[in-house]
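Engineer: Quick one: the structure is below, questions incoming.
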Amino acid sequence: MDITPRDAPAALVWLRRDLRLADHAALSAALDDFPKVHLAFVFDRDILDPLPGQEEAGPLAETPAAAQAFGDPGRVAGAMRRDRRVEFIWRSLAELDARLRERGGRLHVLHGRPVEAIPALAARLGVAAVYANHDYEPAAVARDEAVRAALAEDERELRTFKDQAIFERSEVLTGQGKPFSVFTPYRNAWMRRLVDADLAERPVRLEGRLAPIAAAAIGASGDDAASPAGGLPALETLGFAPTNLAELGIEPGESGAHRALADFAERIGRYREARDYPAVRGPSYLSVHLRFGTLSIRAAARLALQTMRGDPGAAEGASTWLNELIWRDFYFQILHHHPHVVDHAFRPEYDAIRWVDGAEGDALFEAWREGRTGYPIVDAAIMQIRRSGYMHNRLRMIVASFLVKDLGIDWRRGERWFADQLNDYDLAANNGGWQWAASTGCDAQPYFRIFNPVTQSQKFDAQGKFIRRYLPQLAGLSDKAIHAPWMASPTELGRAGLRLGVDYPLPIVDHAVARETTLKRFAAARST
């Protein structure tokens, strides 16, 4: 189907993981093809309705407002749930809508199922084509194909574009034309392929190009039911209560992304040295903006490349961060070529592992996710994610390794719990990270590499600053004892006012014993 501006006066741009107006591939393409554009977002009930609501951190809340935000979701506004991601999206959309209104337009915000809502909106607006950016998750791919088919029945098109990756799908292949399963050769091929055009900004000039909003286009078919006026529905109307997003200092929207990027640009040269220490401001803190597209991946990669080329003193840090962005593309292409990883090990032989399950497995998993393992670095990391929806990357590796290799719990249980908790949750990266830690994935750490939570704590939080922040009951211990309180003398425990087994749990497993059990568990699976 070849539809030109002569056939229809406007296109509809469907926003998903790209909540910005600048450097936007689908929006740029729509403006190239049509004289006017509409923009829309769907609060997808297929995603929102199953959300359980994120867990609270209870006594760790630092302010009365934060304490209220961490209360029982069932006690606030009836049965409303809290999810920082939903609030992040909602606030980002509010900023987008305000910017569009300044230019004489408006954002169409729907609450329903995209396979019904998008074709209905396209029909009401009389557009010839819907523009969107690629999504790579299996459920999203199926959704887009269903929307494409529904639009085609009405002689409309769905046109999609690469936007959330630098290289996607089969753009980077081995010399034999096969997908990579090892990161380093993938990165080398990625770098060889990269040219400046890959990172070029996709221009968006909206002045005079926003389609007028006709009254008949608003609330006519029910999918705008959350907001009869067709604007942004209240967060509570969607079934969600406010969270502690503001207290955490997370600034949603495109403006928040640009400020976060500018802040990191001042620190990028120290990234390689600082990124592994959770008590230090070393990470970029841009992952949630990349996840929801308030920041373009091209803008992030441009910063890295420009720094590498123009600032010798910061080049090493920028190169290390660029590697992290390439890992993101790597996991996208793994998910595309190997969708079985969503529910199975990348390496099929590890689906035969016999994990600890039943009542024992449930008890161990509950202790882990509640921060009651008796290993301070693990428990502090769990408190961080429960309190903020964020976990430092080094800690993600430590707690994942602990769940799988110290407790013997199926990596999928941890992966799915992270999916409920993380502000920056992304299926490809989360799955890839968990399978890396569990040694079941592509280019994963060897199964016999098992993080010792005490030595990891001593190395990356030597003074216990991170542990003290999230486990204040351990604050009185010395820098040496805080990593393994059960090894402290009764005198030191008394001085710290700490009663093990009462104020803080004893270890639920012996790491040395657990390590030997894990080696046997993996060896048994490999021999089948």
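Engineer: Consider only pairs whose beta carbons are under 6 Å apart and that are at least six residues apart or on different chains; among these, list those whose first residue lies in the range 9-20 and is at negative phi and among the hydrophobic types (A, V, I, L, M, F, W, C) and whose second residue is surrounded by fewer than 24 Cβ atoms within 10 Å (Cβ to Cβ) and assigned to a loop (DSSP other than H, G, I, E, B).
Structural biologist: Ala10/Ala211; Leu19/Gly293
Engineer: Condition test on Ala525, is it among the hydrophobic types (A, V, I, L, M, F, W, C) and either at pLDDT 95 or above or open to solvent by 50 Å² or more (accessible area, probe 1.4 Å) (or both)?
Structural biologist: So Ala525 fails the test.
Engineer: Looking at Trp411, is it of a type in the set (Phe, Trp, Tyr) and under 17 Å from Ile450 (Cα atoms)?
Structural biologist: Judged against the criteria, Trp411 is a match.
Engineer: Now a separate question. Could you check the range 408-424 and list, in sequence order, the residues that are of a type outside the set (D, E, K, R), open to solvent by 10 Å² or more (accessible area, probe 1.4 Å) and touching a Leu at 6+ places or on another chain (Cβ under 8 Å)?
Structural biologist: Listed by number, the list holds a single entry, Ala419.
Engineer: So, one more: Whether any residue in the range 493-514 is open to solvent by less than 20 Å² (accessible area, probe 1.4 Å) and more than 34 Å from the chain's Cα centre (by Cα) is what I want to check.
Structural biologist: Within the range 493-514, one or more residues are open to solvent by less than 20 Å² (accessible area, probe 1.4 Å) and more than 34 Å from the chain's Cα centre (by Cα).
Engineer: Still on this structure, I have one more. Count, please, the residues in the range 108-159 that happen to be in a helix (DSSP H, G or I), small (Gly, Ala, Ser) and surrounded by 18 or more Cβ atoms within 10 Å (Cβ to Cβ).
Structural biologist: 4
Engineer: If you scan the range 480-492, which residues turn out to be within 17 Å of Asp461 (Cβ to Cβ) and open to solvent by 70 Å² or more (accessible area, probe 1.4 Å)?
Structural biologist: Lys480, Met487
Engineer: Could you go through the range 368-375 and let me know if any residue there is at pLDDT 95 or above, touching a helix residue (DSSP H, G or I) at 6+ places or on another chain (Cβ under 6 Å) and basic (Lys, Arg).
Structural biologist: Within the range 368-375 (the criterion being at pLDDT 95 or above, touching a helix residue (DSSP H, G or I) at 6+ places or on another chain (Cβ under 6 Å) and basic (Lys, Arg)), the answer is yes, since at least one residue qualifies.
Engineer: Would you confirm whether any residue within the range 333-347 is open to solvent by 60 Å² or more (accessible area, probe 1.4 Å), in a helix (DSSP H, G or I) and either in contact (Cβ under 8 Å) with a residue 60 or more places away in the chain or of a type in the set (A, V, I, L, M, F, W, C) (or both)?
Structural biologist: Checked against the condition, which is being open to solvent by 60 Å² or more (accessible area, probe 1.4 Å), in a helix (DSSP H, G or I) and either in contact (Cβ under 8 Å) with a residue 60 or more places away in the chain or of a type in the set (A, V, I, L, M, F, W, C) (or both), the range 333-347 yields at least one hit.
Engineer: Quick one: how many residues across the range 144-169 are closer than 22 Å to Ile334 by Cα and more than 20 Å from the chain's Cα centre (by Cα)?
Structural biologist: 4
Engineer: Can you name the condition, by its number, that Asp2 falls short on among (1) assigned to a loop (DSSP other than H, G, I, E, B); (2) farther than 30 Å from Arg82 by Cα; (3) among the charged types (D, E, K, R); (4) modelled with pLDDT of 95 or more?
Structural biologist: With respect to (1) assigned to a loop (DSSP other than H, G, I, E, B); (2) farther than 30 Å from Arg82 by Cα; (3) among the charged types (D, E, K, R); (4) modelled with pLDDT of 95 or more, Asp2 is out only on (4).
Engineer: Let me ask something else about it. Out of curiosity, is Tyr186 surrounded by 15 or more Cβ atoms within 10 Å (Cβ to Cβ) and assigned to a helix (DSSP H, G or I)?
Structural biologist: Yes, satisfied.
Engineer: Of all residues in the range 432-455, which are within 21 Å of the chain's Cα centre (by Cα) and assigned to a helix (DSSP H, G or I)?
Structural biologist: Gly432, Gly433, Trp434, Gln435, Trp436, Ala437, Ala438
So that you can scan it fast, the table gives a plain yes or no per residue for (1) within 28 Å of Leu471 (Cβ to Cβ); (2) under 15 Å from the mean Cα position of the chain (by Cα); (3) at pLDDT below 95:
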| residue | (1), (2), (3) |
| --- | --- |
| Ala265 | no, no, no |
| Arg281 | yes, no, no |
| Leu290 | no, yes, no |
| Arg302 | no, no, no |
| Gln306 | no, no, no |
| Glu316 | no, no, no |
| Trp321 | no, no, no |
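Engineer: Let me ask another. For the range 464-494, enumerate the residues that are charged (D, E, K, R) and in a loop (DSSP other than H, G, I, E, B).
Structural biologist: Scanning the range 464-494 gives Asp479, Lys480.
Engineer: Could you tell me which residue of the range 189-217 is surrounded by the fewest Cβ atoms within 10 Å (Cβ to Cβ), considering only residues that are assigned to a loop (DSSP other than H, G, I, E, B) and under 28 Å from the mean Cα position of the chain (by Cα)?
Structural biologist: Val195
Engineer: Follow-up question, since we're still on this one. Of a type in the set (Gly, Ala, Ser), outside any loop (DSSP other than H, G, I, E, B) and open to solvent by 10 Å² or more (accessible area, probe 1.4 Å): which single residue out of Ala400, Ala429 fits that description?
Structural biologist: Within the list Ala400, Ala429, the selection yields Ala429.
Engineer: Next question, about the same structure. Can you pull out every residue in the range 171-183 that is small (Gly, Ala, Ser) and either without any contact (Cβ under 8 Å) to a residue 40 or more places away in the chain or open to solvent by 60 Å² or more (accessible area, probe 1.4 Å) (or both)?
Structural biologist: Gly175, Gly177
Engineer: List pairs: first in the range 385-405 and without any contact (Cβ under 8 Å) to a residue 60 or more places away in the chain and over 14 Å from Ala419 (Cα atoms), second open to solvent by 10 Å² or more (accessible area, probe 1.4 Å) and of a type in the set (Val, Ile, Thr), Cβ under 8 Å, 6+ apart or cross-chain?
Structural biologist: Ser401/Ile450
The values are calculated or read from the model by the stated rules, or taken from the named source; none is laboratory data. Fair warning: this is a prediction, and the values are worked out from it, not measured in the lab. Note: ideal-geometry Cβ built from the backbone for every residue, glycine included; neighbour counts use all protein chains shown. The accessibility values were calculated without ligands, DNA or RNA, using every heavy atom of the protein model including side chains. Shrake-Rupley method; radii C 1.70, N 1.55, O 1.52, S 1.80 Å.
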